[in-house]
Amino acid sequence: MRIGFFTDSYFPEIDGVTYTIDLWREELERKGHEVFVVYPDGDYDPGEREIPVRSLPNPFYGGYRIPTFRRPSTLPELDVVHCHGPAPIGILGRYYAWRHDLPSVYTHHTPLEEYFHQNVKRESIAALLARAYLPWENAFLESFDVVTASTERIDRDVDHVKLPVGIDMEFFEPTEERWYPDRTVIGYSGRLSPEKNVDEILRVAEELPEYDFVVVGEGPFRERLERCAPANVELRDFLAREELPVFYSSIDVFVTASTADTLGLSTLEANACGTPVAAADVPPFDRTIGVDNGERFEYGDLEAMATAIETCLETDRSPRAAVERYSMHHTLNRLEGLYRDVSSAGDPPHAESDSRPPSRRETEEPPSAAGRDPD
C-alpha cells in the first residue's frame, strides 16, 4: 500500500508529532508498505520518499515554518492519504484525496486553540481566535473518512476512533547504564514552549532544593527558562533518540505540567523505562497516569506538585506494565486495519466504543479551505 503522510510538523523540528510520524513510517515500511511524507522544507536534507514543500519562517512560533505552495500533480500516486494536522499541508493532503477520490484519514495530535491562549497576550483576543477556529476545524475533520485520536475524548464535535500513537516497547526499556547514579534527579524531556508550562518545573525545583532537576529540550522559551532557572536545575539540549532510554532510566521521576498534550508520549516512554511520572491532573494524564505508573497534581498548585514528586520517589510501582496497552505493535496493527477497511469498503471502520457515519467520499464537495484546482 502507498500511504501519504501530510504533516506541518517534521524534521529538523523535534516534537511528539515528528517522532510519531517517523516511527509509524518506519514500522509501516517494515511491514512492506511505502510511506511518503509531505512536509514543510527547512534545514533538513530529505531522504527517500520525503517530499518537501516550499515554506517560510514562522514569525509567530519559532522553529516551525509556513508552507507556501506545491502542485498536487507533482505528488506521487497514493492509495491512502493520512493527514496529521489542519494547517496548510494537511489541507493539501485533504484536497489531494478529494481530487483523486482516495480514502482519507486524519489523526488529531494537538489542540491548536491552546496555542492561542499561550501565545496571544490578551486573553480576550485568544478566546475570540479559538471560537472562530474551532468550528472551522470541526468542519475540516468531518470531511475525512476516519478521524483518530490517542484517547477516547477529544474536544472536537466529531466521532473518532481511539488510536494511541504507540510506544516502541522494545526500544524504550530500562537500561543498565545510569547517568546520575549518586543523585536524586527529577527530569523532563520535551519542547520548551508556552503550552508545556516548563516554568512550573522551575518553580517546584525551588521548593525542592534537595533534589536535582534536568530539563531536556529546545524551543522558544529556552532563553527565558535559562534566565530563571534556580541552581538545582540543569537545562540540556535535545537528546538524540537513542539516548532517551538511558535518560529516562537514569532519572527518578519524570515531571510535566503540560496542559496541551493529546497523549503525552514522553511520559509513557519514561514509564516504559521503569520511571514513574508526576503530571498535572488534566487530559490526557487523567486517563494515562494513575497509581500504577505515577501521581497527578492540580495544575498551578505548587505544594501538590511537590507532594506528587515526593510520593513518586517514596512509592514502589510497576510503570512499565501499566503502559503495555500503548505498545506500538497494537497501534500499527490497528492502523493497518483502518487503512484496509477504509480502502476496500469505502465505509470507515468502527472502533470498539466509537463509530462513524458512512463515508461521504463519493458525494462530497471539495474542502472549501483547499481552494480551486491549481493544476
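Data overview
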{"read-out": "Amide hydrogen neighbours beyond the local backbone of Glu298, cut-off 5 Å, H modeled", "value": "Asp281"}
{"read-out": "Between the range 217-278 and the range 293-318, the alpha-carbon center distance in angstrom", "value": "16 Å"}
{"read-out": "Where N is the number of residues in the range 1-41, Cα Rg divided by 2.2 N^0.38 Å", "value": "1.11"}
{"read-out": "Order by protection proxy (mean Cβ within 10 Å, highest first), peptides 49-56, 78-85", "value": "78-85, 49-56"}
{"read-out": "Positive minus negative residues near Pro52 (Lys, Arg vs Asp, Glu; Cβ under 14 Å)", "value": "-2"}
{"read-out": "Under 5 Å, built H, 5+ apart or other chain: amide partners of Tyr106", "value": "Cys83, Val146, Val147, Thr148"}
{"read-out": "The range 94-109 - phi-based ³J(HN,Hα) in whole Hz, Karplus 6.51/-1.76/1.60, Gly and Pro as x", "value": "5, 5, 4, 5, 4, 5, 9, 6, 9, x, 10, 10, 10, 10, 7, 9"}
{"read-out": "Accessible heavy-atom area order of Glu137, Glu234, highest first, probe of 1.4 Å", "value": "Glu234, Glu137"}
{"read-out": "By average C-beta atoms within 10 angstrom, highest first, the peptides 253-263, 36-46", "value": "253-263, 36-46"}
{"read-out": "Positive-end extreme of charge dipole, the range 177-283 - chosen from Gly190, Ala278, Val204 (charges on Cβ)", "value": "Gly190"}
{"read-out": "List Asp168, Asp237, ordered by accessible area with a 1.4 Å probe, largest first", "value": "Asp237, Asp168"}
{"read-out": "Potential lengthening between Glu210 and Asp157 on full extension [0.36 nm per residue; Cα-Cα distance subtracted]", "value": "14.5 nm"}
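The values are calculated or read from the model by the stated rules, or taken from the named source; none is laboratory data. Please read these numbers as outputs of a predicted model, since none were measured by experiment. Quick reminder, even Gly has a Cβ in these numbers, built from the backbone with ideal geometry, and neighbours come from all protein chains shown. Accessible surface is based on the protein model in full, side chains and every heavy atom, while ligands, DNA and RNA are left aside. Shrake-Rupley method; radii C 1.70, N 1.55, O 1.52, S 1.80 Å.
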